[in-house]
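The structure under discussion appears below in the form of structure tokens.
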Amino acid sequence: MPATRSTKKPAVKAVKKPGVRSSAKPAAKSPAKRAAAPAAARMTLAEAMRALEQAGSAQTRKTYLRHGAQEPMFGVSFAALKILVKRIGVDHQLALALWETKNHDARTLAMKVADPARMTSGDLDRWARGNPLRMYSGYVATLAAEGPHGAAKAREWFASTDETLRAAAWTLAGCLANLDESLPEAWFLTRLATIEKSIHAATNIEREAMNRALITIGGRNATLRKAATAAAKRIGKVEVDYGDTDCKTPDAVPYIDKMWAHATAKKFESPAAQERARESMRTRC
């Protein structure tokens, strides 16, 4: 059969003229085909311990030992810890692993990168008992106050026969005064009455925590400021033995006044409101 010629014209390619921009828009990439940004590599326990060891110094170790820290430790400054915290972010799995090393610096880092929402009641008990330093009891109390167990832990720790947990309860009461707006005013008034009645007879560790709780509760609102100031005046001077350190017991009345002056100068309604607007104490200090 003789071949027939096709009547279909061959496709003609568009020729782009010099100096003339094509009006055709490039096809948009499908969202499914876009390359996902690579996830930040998670720091392993070995890497974290290596970083802590490299950041340690003999002088910082000596300072921590004077304040009651216990070996093993590398002596990592708070400035170096802050750099590590920024690098790690929140990593609860790493926090638990760091805690289990029993290394002082590793445990400090653990409290800074832990997820408060994932801390169990048992974790909080163990971590509260395992902290010999005043500031670190504040870290555990802040973890409790930022998570779901705050008020319940305070009730349990107040009733404990362990003075470390009772002291932790007072530190936690102060954290709750700042962070938990749901607790009624009466709860804090009861705490103030207990402080006034028993602070001078309390153990050294509890006495220090009570005095700080008295101050912090005084920053919750105007009513509690008045109540805490009145209680502090009746209590008088509080003596706390800080050992071979330069730490001093803050005088509650002027300290409360100073907190309020600072907060109102910054246009906050209370020191507690100012604290809620700030980065968590665990990571900023």
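Could you please find all residues in segment 153-187 being small (G, A, S) and within 19 Å of the chain's Cα centre (by Cα)?
If the condition is that a residue be small (G, A, S) and within 19 Å of the chain's Cα centre (by Cα), then A154, A167, A168, A169, A173, G174, A177 are the ones that fit.
Does T108 satisfy being β-branched (V, I, T), touching a residue at least 40 places away in the same chain (Cβ under 8 Å) and either in contact with a helix residue (DSSP H, G or I) (Cβ under 8 Å, 6 or more places away or on another chain) or part of a helix (DSSP H, G or I) (or both)?
For T108, the condition - β-branched (V, I, T), touching a residue at least 40 places away in the same chain (Cβ under 8 Å) and either in contact with a helix residue (DSSP H, G or I) (Cβ under 8 Å, 6 or more places away or on another chain) or part of a helix (DSSP H, G or I) (or both) - is not met.
May I ask you to verify whether W99 is aromatic (F, W, Y), farther than 26 Å from C247 by Cα and part of a helix (DSSP H, G or I)?
Considered against the rule, which asks whether it is aromatic (F, W, Y), farther than 26 Å from C247 by Cα and part of a helix (DSSP H, G or I), W99 comes out as yes.
Of the numbered conditions (1) touching a strand residue (DSSP E or B) at 6+ places or on another chain (Cβ under 9 Å); (2) part of a helix (DSSP H, G or I), L124 satisfies every one except a single condition; which is it?
Here L124 clears every test but (1).
Looking only at helices (runs of 4 or more DSSP H) that lie completely in segment 188-270, which have at least 2 residues being within 24 Å of the chain's Cα centre (by Cα)?
In segment 188-270, 204-217, 252-265 are the helices (runs of 4 or more DSSP H) which contain 2 or more residues that are within 24 Å of the chain's Cα centre (by Cα).
Need the failing condition index for E275 against (1) modelled with pLDDT under 95; (2) charged (D, E, K, R); (3) surrounded by 17 or more Cβ atoms within 10 Å (Cβ to Cβ), just the number.
Here E275 clears every test but (1).
The values are calculated or read from the model by the stated rules, or taken from the named source; none is laboratory data. From a predicted model like this one, the values you see are computed outputs, not experimental measurements. For neighbour counting, all protein chains shown are included, and Cβ atoms are generated from backbone atoms with ideal geometry for every residue, glycine included.
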